[in-house]
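Participant: Here it is, the structure, as structure tokens.
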Amino acid sequence: MEGIEILGNKDTRSGFGEGLAELGAENENVVALCADLTGSLKMNAFQNAFPERFFQVGIAEANMMGMAAGMTIGGKIPFTGTFANFSTGRVYDQIRQSIAYSQKNVKICASHAGLTLGEDGATHQILEDIGMMRMLPNMTVVVPADFNQTKQATKAIASHDGAVYLRFGRPVMPIFIKPNAVFEIGKADVIQEGSDVTIIACGHMVWKSIEAAQTLAAKGVSVELLNMHTIKPIDESAILKSAGKTKCIVTAEEHMANGGLGEAVARVLATNTPCPQEFIAVNDSFGESGKPMDLMEKYGLGASHIHDAALKAIQRKA
């Protein structure tokens, strides 16, 4: 695929850790709270450098959200850290009432999301979190694609005035976003321009979509690929511009089909320019324990599934 250079391999949670540590040095108002998962969230560097601004709350996620909301009143910019399941499902009431409704400037940072959590199994592999968070008023939802973009997003959301849900993961994945790329909330990245089909993806699924686009290119199919790192507010203009060119869409996300990126894109299309759309997502199912990439294949999130969906979307267009 032209223009795609693999710059290394690293997990996205490490991008969060590096970004947070740099923020700590740049802005003394940045504070961090963690629910007994400092190592898993890669928050050690921040903790070691700024112990007076790091708060280990223990296994008390609801309390962490309340503390974070309170800290904003004094002008602090709190970053909370725990697994995605505990960052949303366990504390939804506290987020709704104390953060979103109260319009508090809290950055909810969530690792170990989706099927790629792997062996920890269905109880931890939350697949509903994007939908839960994007339905909240006053909440921005960001799902970066690789290590570099997660680092860039972590730093960018500190300057955003308002609540943010930042979702990232555990597995080591290829790095393909340039380290000096500019991250703009609500602005999709055009990874590749094309004319036959548009693939819109977020998170780990951007790389899977790159792999699918390479296979499709070998068959003469021209793919336009959008990295929709911000799910809310979604980049409507980028969606409509691309749909106007290709006339068909595939969305790809490591999330339930209900409530996620696919439905957000479908709403934009339905209210502006309807066109065929295929959904790559988990189909109303919990996950299970297994190796991350094996689970991605089993639940229909592999590059081959994106490839087949693209051909089907093109056929429907015809």
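Participant: Pick from A158, A264, A181: which residue has the top mean-square fluctuation in a GNM of the chain where Cα pairs under 10 Å get a spring?
Facilitator: Result for the chain, Cα springs under 10 Å: A181 fluctuates most.
Participant: How about the stretch 195-275: which trypsin sites (Lys or Arg not before Pro) there are in a DSSP loop, with at most 16 other Cβ atoms within 10 Å of their Cβ?
Facilitator: The qualifying sites are K219.
Participant: Based on Cβ point charges of +1 for Lys and Arg and -1 for Asp and Glu, what charge dipole magnitude is obtained for the stretch 1-152 about its Cα centre, in debye rounded to the nearest 20?
Facilitator: About 480 debye.
Participant: What percentages, rounded to whole numbers, describe P(r) for the stretch 185-240 computed over all alpha carbon pairs with 10 Å bin width beginning at zero?
Facilitator: Here the calculated profile for the stretch 185-240 is 26, 53, 19, 2.
Participant: Let me ask something else about it. Which FRET efficiency value, to the nearest 0.05, do you get for E193 and N9 by plugging their Cβ-Cβ distance into 1/(1 + (r/R0)^6) with R0 = 25 Å?
Facilitator: 0.45
Participant: Can you give the calculated 222 nm mean residue ellipticity of the chain, where each DSSP H run of n ≥ 4 adds -39,500 (n - 2.57) and the sum is split over every residue, rounded to the nearest 500 deg cm²/dmol?
Facilitator: Taken over the chain, the calculation gives -11000 deg cm²/dmol.
Participant: Moving on. For the stretch 126-275, what is the Kirkwood hydrodynamic radius in Å, using each pair of distinct C-alpha atoms?
Facilitator: 15.5 Å
Participant: List the lysines whose alpha-carbon lies under 19 Å from that of K10, not counting same-chain residues fewer than 8 positions away?
Facilitator: K42, K151, K155, K178, K208, K291
Participant: Over the stretch 10-174, what is the relative contact order in whole percent, taking alpha-carbon pairs under 8 Å and six or more residues apart?
Facilitator: RCO, the stretch 10-174: 30 percent.
Participant: Could I have the simple spin-label model distance between E119 and S40, label points 7 Å from Cα toward Cβ, reported in nm to one decimal?
Facilitator: 1.4 nm
Participant: Hey, another quick one. How tilted is helix 12-26 with respect to the longest principal axis of the chain? Cα atoms for both, answer in degrees (0 to 90, nearest 10).
Facilitator: With rounding to tens, the tilt is 50 degrees.
Participant: Take every DSSP beta bridge whose two residues both sit in the stretch 169-318, then give the antiparallel share in percent to the nearest 5.
Facilitator: The answer is about 20 percent antiparallel.
Participant: Quick one: compute the contact order of the stretch 163-256, relative version, from alpha carbon pairs under 8 angstrom and 6+ residues apart, as a percent.
Facilitator: Relative contact order here is 38 percent.
Participant: Counting only DSSP beta bridges with both residues in the chain, what percent are antiparallel, rounded to the nearest 5?
Facilitator: Here the antiparallel bridges make up roughly 20 percent for the chain.
Participant: I would also like to ask the following. Please list, ordered by chain and number, the residues whose modelled amide H lies under 5 Å from the amide H of T82; skip anything fewer than 5 residues away on the same chain.
Facilitator: C109, S111
Participant: In percent, what relative contact order does the chain have, based on Cα pairs under 8 Å that are 6 or more apart in sequence?
Facilitator: 18 percent
Participant: Another question, if that's okay. Could you pull out every residue, at least 5 positions away or on a different chain, whose amide H is within less than 5 Å of the one on E278? Hs are placed 1.01 Å off N in the peptide plane, and Pro or chain starts have none.
Facilitator: HN-HN under 5 Å from E278: I249, V250, T251.
Participant: Under 37 °C and 0.692 mPa s, how fast does the stretch 189-317 diffuse according to Stokes-Einstein, given a Kirkwood radius computed over C-alpha pairs? Answer in µm²/s, whole number.
Facilitator: Once the numbers are plugged in, D ends up at 229 µm²/s.
Participant: Angle, helix 261-270 long axis vs. longest principal axis of the chain, Cα atoms, 0 to 90°, nearest 10?
Facilitator: Tilt relative to the chain: about 60 degrees.
Participant: Rounding to the nearest 10 and keeping the result within 0 to 90°, find how far the Cα-based axis of helix 147-159 lies from the longest principal axis of the chain.
Facilitator: The angle comes out near 60 degrees.
Participant: Taking every pair of alpha-carbon atoms in the stretch 10-174, what share in percent sits in each 10 Å bin, from 0 to the bin with the longest distance?
Facilitator: Bins of 10 Å from zero give 12, 46, 37, 5, 0 percent of pairs.
Participant: Dipole of the stretch 10-174 (Lys/Arg Cβ +1, Asp/Glu Cβ -1, origin at the Cα centre): which of N138, I108, G15 lies farthest to the positive side?
Facilitator: Positive-end residue among those listed: N138.
Participant: Measuring from label point to label point, each 7 Å out along Cα→Cβ, what is the Q214 to N63 span in nm?
Facilitator: 4.8 nm
Read the figures in this text as sums done on the coordinates, not as results from a lab. Note that the structure is a prediction, hence the values are computed from the model and not measured. Using ideal geometry, Cβ is built from the backbone for each residue, glycine included, and neighbour counts are taken over all protein chains shown.
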